[in-house]
Structures are given as structure tokens and as C-alpha cells.
1. Only residues that are in a strand (DSSP E or B) and of a type in the set (A, V, I, L, M): list them for region 30-66, please.
2. Select the helices (runs of 4 or more DSSP H) contained entirely in region 170-274, then report the ones holding at least 1 residues which are without any contact (Cβ under 8 Å) to a residue 60 or more places away in the chain.
3. Might you let me know whether region 123-137 holds any residue that is in a helix (DSSP H, G or I) and at negative phi?
4. Answer yes or no as to whether Val213 is of a type outside the set (Lys, Arg), under 19 Å from Leu312 (Cβ atoms), over 13 Å from the mean Cα position of the chain (by Cα) and surrounded by 17 or more Cβ atoms within 10 Å (Cβ to Cβ).
5. Considering Ala318, Ala330, which residue is of a type outside the set (D, E, K, R), within 25 Å of His101 (Cα to Cα) and buried (at least 21 other Cβ atoms within 10 Å of the Cβ)?
6. Would you confirm whether any residue within region 293-314 is buried (at least 23 other Cβ atoms within 10 Å of the Cβ), touching a Leu at 6+ places or on another chain (Cβ under 7 Å), of a type outside the set (A, V, I, L, M) and farther than 16 Å from Gly197 by Cβ?
7. Can you name the condition, by its number, that Met335 falls short on among (1) without any contact (Cβ under 8 Å) to a residue 40 or more places away in the chain; (2) farther than 28 Å from Lys273 by Cα?
Amino acid sequence: MQTFQIAPIQNEALQAALVKQINQKTKPLGALGRLESLALQLGLVQQTEQPKLQQPTMLVFAGDHGIVAEGVSPYPQAVTAQMVLNFLNGGAAINVFARQHGFDLHVADSGVNAVFEPHPLLIDAKLGMGTVNFLHHPAMTTDQCSEAIRAGAQIARRAITQGSNVLALGEMGIGNTSSASCLMSMLCGLPMHQCVGRGTGLSDKGLQHKLSVLTSALQTHHVSEKDPLQVLAVFGGFEIAMMVGALLAAAEARVTVLIDGFIATSALLVAAKLYPQVVDYCVFAHCSDESGHSMMLAHLKAQPLLHLSLRLGEGTGAVLAYPLLQSAVAFLNEMASFDSAGVSGQVQ
């Protein structure tokens, strides 16, 4: 796998300057709550006292999963391709929210089991017609895994080169909650029953079947949590591996990444095992209703901005949280200080 140079965001002098700037705004200390810590993070990510948000971009990575053959999803695999076409035609929830909040949107075919016609929004990054059924064999080879990470990094870098300094990562892939559950169990050291959820809407019987399948899959493969790339290759998806690469490339370029739900966070689990400092560049948009996501976030010591009972994926939660970043930057750059407004400051 290629290496990444990810600098820590810690800068004591800059942090002190940002904290002083925030505290001198015309408000009681800490009165803007999480917006204050968010403004501080954005300033440290960009290494400036006046952060700016430029050309926010949503990258939706799509891929199919061989594990679907085991009946772990109530939806057929064909829905992945159908939803990709929906994205390209502008009709999905992520399209609506991306338009509302001014995001450029691109869809990467990471490994969908279909062939698409060229489209202005489509990035052809296909590594295969879906992964192998990981109940019996590794989902992908180590070479495919490394290539997916490289491709995801390249896609992120292209968006950054075109002017974006805020990336949001979304996904589409029937069966990908099964991959994410296995990644969570392995990398967080949690029993499978705490990691498996209903995904796109399994019944109680379907949930028990999914748990049985994934528990068997973990027992089939002898991999160590100390080798996150091997864990990713065995249980991951092409779209999840590409998100890992996009995350690492964004952090390397000092770009803020909006983390969506269960699947996107599973990609971050892998990225953080490889480069722990990548987490500092991430803003956790929300806590989804998918079982296990709250424990994923706790493992990463992350505080999500929103709790909206979402469980859609596509990057929807990430885009919905973006106005809070805008507000954090706006108050930092535009709000008067006690001195400039002629307002008596608080006694320290």
C-alpha cells in the first residue's frame, strides 16, 4: 500500500490564538457550545485563524458484495446499480441535499455488478463486478485492496485539486452493513452480536440469520486486528476500501472530512488503525440508527453533531451537518469582539 504523510493538527500557538479569538467574541464564555470546538478544529485543520470553507464535495462510492448471496439483505443486489442510476439522474436523497447545501456530487463506481454508460457525474473506478462472498473466501485480494485505497486517494486528490477543502464521503452497496459489522467486530474487539444491525430493514428472523452468517465468517478467517489491511481485504468492500484511501488523502492535504454513518465510520476505523492522526481531520456528522454505530463512535472517542435517527447512508447525514460548519466559520470570522463592539467584557 502507498504511504501517506499526515501531519498532526496540534499547534499550541495557533490553538491559543484561536481560543483567545473565540473567547473574545461578544458572548459569555462557551455560550456557543459545540460550535466553538468546531471552529477551533477547523482552524487547526487549516492552520489559520481565519478558516474558510470552499467548494464542498460529496463523493459517493458504490460497490457490490458477494456476501449478499447468503441472504443478509432484504434487497437484491441489483438495487446497487439501480440506485447508482438514481444518483446520476439526480433523484436520490443525497442529490436533493447536495443541491440544497451547494455540494458538488460525484459517484464512483468502485465495483458495482453492472456496466454503466459514461456520465458527467460518474467516476469509473471499477475494480471488479463486486467482491467475493467472504463467508467462504476473502472479499478481495491484498492487491485489490491496495489498489482500491490508491484509487480512492486519487479521487479525493482530484476533488481537492479542483478547489475543495471539505469532502463528504457517501456509499451505496447492498450488503455493505455486513462488511462494516465484521470490520467493527475485528477492529473494535467487540462480539458480533453488538455489531450487527438490520441494515436496510431486516426482520427479526432475518437479523438472526445475518448474525449467524457473519459469526461463521469470522470463524472461517484467521486474521488479526493488528493487520487492518488484511482485515479490510477479507471482510471489506471495494467502496469501503476506496473511502479509506479518500480519508487518508484528504487528511494528508489538510482537508476536513465529514463522516457520515455506519459504513463511512467503518472505513475510518481502518484508516485510523493505519494512521491514528487521521481522526483529527474528521467531523462526525451524526449518530445513525444502525445498531452499532454509537459504539463505533465511542471507540473513536467521537462526538457526533446530530442525532436524527438516520439510517440511509449515501452521505446524507454528512451533508445535513454542513450548515453547522458554515456557522462555526461565520461566527469566528464575522462576529464582533468585545473591544470592536465597545461592549464591556466579562470578568476573567
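Any read-out appearing in this document is the output of simple, stated calculations on the displayed coordinates, not a laboratory observation. As the structure is a computational prediction, the values presented were derived from the model and not from experiment. Cβ placement follows ideal geometry from the backbone for every residue including glycine, while neighbour counts extend to all protein chains displayed.
1. Passing the criteria: Met58, Leu59, Val60, Ala62.
2. By residue number, 176-188, 204-220, 228-235, 262-274.
3. No, every residue in region 123-137 fails to be in a helix (DSSP H, G or I) and at negative phi.
4. No; evaluated as a whole, the condition is false for this residue.
5. Numbers: Ala330 fails: buried (at least 21 other Cβ atoms within 10 Å of the Cβ).
After applying the criteria, what remains is Ala318.
6. no
7. Failed condition: (1).
Conditions tested, residue by residue: (1) touching a strand residue (DSSP E or B) at 6+ places or on another chain (Cβ under 7 Å); (2) under 19 Å from Thr316 (Cβ atoms).
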| residue | (1), (2) |
| --- | --- |
| Phe134 | no, no |
| Ala156 | yes, no |
| Gln162 | no, no |
| Asn165 | yes, no |
| Glu171 | yes, yes |
| Ser181 | no, no |
| Val196 | no, no |
